[in-house]
1. Given (1) free of Cβ contacts under 8 Å to residues at least 40 places away in the same chain; (2) assigned to a helix (DSSP H, G or I), where does Phe332 come up short, assuming only one miss?
2. Could you grab me the full set of residues in region 422-438 that are in contact with a helix residue (DSSP H, G or I) (Cβ under 8 Å, 6 or more places away or on another chain), assigned to a helix (DSSP H, G or I) and free of Cβ contacts under 8 Å to residues at least 40 places away in the same chain?
3. When region 404-456 is examined, which residues are found to be of a type in the set (Ser, Thr, Tyr) and within 19 Å of Leu488 (Cβ to Cβ)?
4. For Arg283, all conditions in the list (1) within 20 Å of Phe248 (Cα to Cα); (2) not in a helix (DSSP H, G or I) hold save one; what is the number of the exception?
5. Mind checking which pairs have a first residue in region 638-653 that is closer than 13 Å to Cys532 by Cβ and a second that is surrounded by 20 or more Cβ atoms within 10 Å (Cβ to Cβ) and aromatic (Phe, Trp, Tyr), Cβ under 9 Å, 6 or more apart or different chains?
6. Taking region 335-376 only, how many residues are acidic (Asp, Glu) and under 18 Å from Met297 (Cβ atoms)?
7. Under 7 Å between Cβ atoms, which residue pairs at least 6 apart in sequence (or on different chains) link something in region 137-153 that is in contact (Cβ under 8 Å) with a residue 24 or more places away in the chain with a partner that is open to solvent by less than 80 Å² (accessible area, probe 1.4 Å) and acidic (Asp, Glu)?
Amino acid sequence: MNAHPAGSQLVRILRLCSSFSRGYTVTGYGDCSTLIQKNGFVSSRTQNGFLYHLKNCLGLTLFRFQSSERMPHIPSEAEDVNNHTGETKDSSVVPTPSISSSTNTASSQYRGPTTEGSSTDWKSMSLMERRRSWEQFCDELQQCTSPSDVLDLYRQSHVTWKHISNSLMTLWATTKRMSDDQKRYERKLMFEHPVFEEICQQALKEAQLMSCNDLVYSLFALVKIGVSQHSRLIHTLLRVSQERLNEFDERALSVLSSCLRTMEESKNVIALRAGLRLLVELRIPNIKTVMALQTMMRCIGKESPLPLKKKLENKALSLLNQFTLPNSQYMFITLAVMGYRSYPLLEACSNRVIENIHGVPFWRLVHLLQSCKDLSYRNAALLTAAGNHVASMLAIWEVKQLILFLKLFADLGFRHIELMDGFAQMVPARSESLTFKDMLSTLRVYSLLNHCPEEGRIEQFLQTLIDLFQSHLSKCSSLELLQGVYYLCLLRHYPSAALNQLFQDDVLSELQSSANLNREANKRTLQCIKLCMELENPSFAVPEIARIAEPLPASFVVNSAMKEVVEAILGDGSPYRWGSVLRNVHFIDFEIALDQERKCVVPLPQDDEIIQSTNIQRVAVLCAPVSAFCLGTEHPKDKLALKVRHLKALGYHVVLVSEHEFGKMSEDERVEFLKSAIFGE
């Protein structure tokens with residue numbers, strides 16, 4: 001005798017509840033069927049073997065929304081690198097859904113019962129009337145400019161689950177480009193609007209009936225507009241997504257993964273992420289296009305296991321001959337989202353981008369460079385091509401756009417001389433477009449890369465920045481004041497007004513306060529500034545009441561390979577010093593006193609002052625990592641350049657050695673190199 005359908009359904013529910021009480025997760029199972037068989041319940045299409053948890057939301061009220069005062073900052077999706085463009089037709093992005101086209105895609109998605117949960121008026125309409133009503137709703141929805149407009153329109157419409165997802169996405173779309181204050185005000189009105197609770201109730205009721213795309217867009221929009229992630233609504237949408245994960249196409253997976261990346265940790269979120277990675281791994285062999293592959297790569301997230309990332313990398317390498325220019329550009333962004341630095345892929349894509357650099361739009365080039373920074377990938381040829389491209393278009397780009405590029409180049413340690421000289425020439429003529437933040441960023445770039453523009457431009461360029469800096473002294477914070485003065489000291493400029501304000505007792509106390517998280521870094525910066533005053537600007541007297549505390553001693557390690565070479569050249573008993581710290585600021589690997597006439601090492605003086613004897617020369621041997629130099633050169637950057645300057649001011653002959661280059665030499669080459677550098681042979 002066949003069991004009654006209701007009885008079978010009851011058995012399934014009881015088995016699921018038993019499974020929930022044991023709190024299993026999908027982690028560690030290579031196959032969904034293993035989990036289903038282990039717990040003894042029958043596989044069904046809506047379960048797909050992905051276990052979901054309801055324990056963290058059953059006891060909650062139906063809705064719990066965040067108040068406008070506690071609304072978290074929701075970043076603009078215009079800043080997201082996954083912008084949907086018609087050029088690439090990349091389904092891995094998170095676009096605002098096209099309202100007019102969503103009707104066409106609905107037929108290919110999951111179809112639940114079409115009558116339950118729909119309004120009576122809608123059910124009584126003919127197909128033609130429904131189509132006409134839907135098109136009218138879409139047209140009116142596109143005209144909405146605020147969340148209240150959307151909710152008022154929703155109240156007047158015949159509602160189905162299709163209306164819900166599009167309305168929710170429009171609620172988010174109307175606020176995403178507003179200022180923070182305007183967002184808070186509009187969302188306060190939205191949460192207080194009586195129709196908002198109605199649309200959320202309807203979404204909860206219709207979740208099982210929604211198509212896959214409408215389901216994930218609804219979840220995405222609700223999270224973005226600030227609905228509490230602990231609410232029953234959010235957890236219901238997460239649970240339904242788990243049930244129907246196998247039905248998701250590339251776009252739905254992309255939207256879901258983007259949503260999960262921004263969500264708080266919970267059992268439902270963790271289980272869904274695990275299921276998402278399992279699904280991606282199962283689908284890898286069936287991927288045929290680069291766009292589909294990049295979608296899958298973005299879905300797994302940075303926390304995914306290394307073997308899965310390796311599989312996706314190998315799949316991408318097998319499709320290299322299919323890569324277009326947009327594919328190559330998006331691969332940088334995709335690898336950054338994965339948190340995986342694949343040199344073979346990056347090198348191949350870099351070559352394609354270099355060949356077509358003039359065809360790369362502004363924002364895509366910015367995102368590409370940002371991805372290089374995130375991945376710590378420094379390709380001198382790629383950065384040179386990008387710098388040449390930007391330098392050739394100086395006249396048509398805004399100052400803020402150029403500053404954005406310069407900041408990315410500085411973060412990558414790349415010094416493009418033509419671009420930096422050209423920008424320095426532009427600044428005096430366009431100074432009115434510079435904000436205080438732009439000025440600080442510009443000073444940071446030029447001081448970090450130790451770049452002084454061409455003679456004749458440096459004074460006018462820096463004076464423009466100094467004037468802007470000093471005009472904001474009364475408004476800037478103590479940290480901004482410290483940063484600005486430090487950047488100018490690195491560039492050998494010492495504005496007295498800014499220095500006087502920095503050395504005031506209340507400013508120093510705030511910077512060195514125990515409550516300041518950057519206290520030790522601030523102390524070291526103040527020590528550097530004070531040493532700059534003593535050695536390079538003695539006309540400025542640091543006030544005696546200015547209390548600059550000693551920072552904690554930093555830990556330094558002498559390069560062992562270089563120590564062996566120095567001992568081989570000078571002998572074990574020679575009177576040289578290694579691992580010393582000058583003025584509690586600058587670390588010196590090896591310090592030697594050399595008799596220039598006899599070309600021999602003599603005992604070191606007991607102080608750090610300039611030696612009066614003309615025959616005795618102090619020698620400071622500095623071993624610096626590759627990160628202390630500008631990319632692809634031996635041009636020292638900020639702190640290393642300042643150390644060399646200060647040592648020369650104290651009478652030292654500085655021998656600067658790159659660890660990277662030194663490591664590539666043979667033993668004999670190392671000895672000859674250091675002997676020549678120290679003794680001048």
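1. With respect to (1) free of Cβ contacts under 8 Å to residues at least 40 places away in the same chain; (2) assigned to a helix (DSSP H, G or I), Phe332 is out only on (1).
2. Restricting attention to region 422-438, the residues satisfying the condition of being in contact with a helix residue (DSSP H, G or I) (Cβ under 8 Å, 6 or more places away or on another chain) are 422-428, 430-431, 433-434, 436, 438.
Filter once more, keeping what is assigned to a helix (DSSP H, G or I): 422-428, 430-431, 433, 436, 438.
Matches in region 422-438: Gly422, Phe423, Ala424, Gln425, Met426, Val427, Pro428, Arg430, Ser431, Ser433, Asp438.
3. Narrowing region 404-456 to residues of a type in the set (Ser, Thr, Tyr): 431, 433, 435, 441-442, 446-447.
Listed by number, the residues that qualify are Ser431, Thr435, Ser441, Thr442, Tyr446, Ser447.
4. In the conditions (1) within 20 Å of Phe248 (Cα to Cα); (2) not in a helix (DSSP H, G or I), Arg283 misses (2) alone.
5. Between residues of region 638-653 that are closer than 13 Å to Cys532 by Cβ and residues that are surrounded by 20 or more Cβ atoms within 10 Å (Cβ to Cβ) and aromatic (Phe, Trp, Tyr), the close pairs are Asp638/Tyr487; His646/Tyr652.
6. 2
7. Close Cβ pairs (under 7 Å, with a partner that is open to solvent by less than 80 Å² (accessible area, probe 1.4 Å) and acidic (Asp, Glu)) amount to Ser146/Glu186; Pro147/Glu186.
So that you can scan it fast, the table gives a plain yes or no per residue for (1) assigned to a helix (DSSP H, G or I); (2) touching a strand residue (DSSP E or B) at 6+ places or on another chain (Cβ under 9 Å); (3) under 19 Å from Ala649 (Cα atoms); (4) of a type outside the set (Phe, Trp, Tyr):
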position	(1), (2), (3), (4)
Asp506	yes, no, no, yes
Glu510	yes, no, no, yes
Ser513	no, no, no, yes
Lys523	yes, no, no, yes
Met533	yes, no, yes, yes
Pro538	no, no, yes, yes
Glu550	no, no, no, yes
Val558	no, yes, no, yes
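The values are calculated or read from the model by the stated rules, or taken from the named source; none is laboratory data. Remember, predicted model here, so these are calculated numbers, not experimental data. Positions of Cβ are generated from backbone atoms using ideal geometry, with glycine treated the same way; all protein chains shown enter the neighbour counts. Note: areas computed on protein heavy atoms with side chains; ligands, DNA, RNA excluded. Shrake-Rupley method; radii C 1.70, N 1.55, O 1.52, S 1.80 Å.
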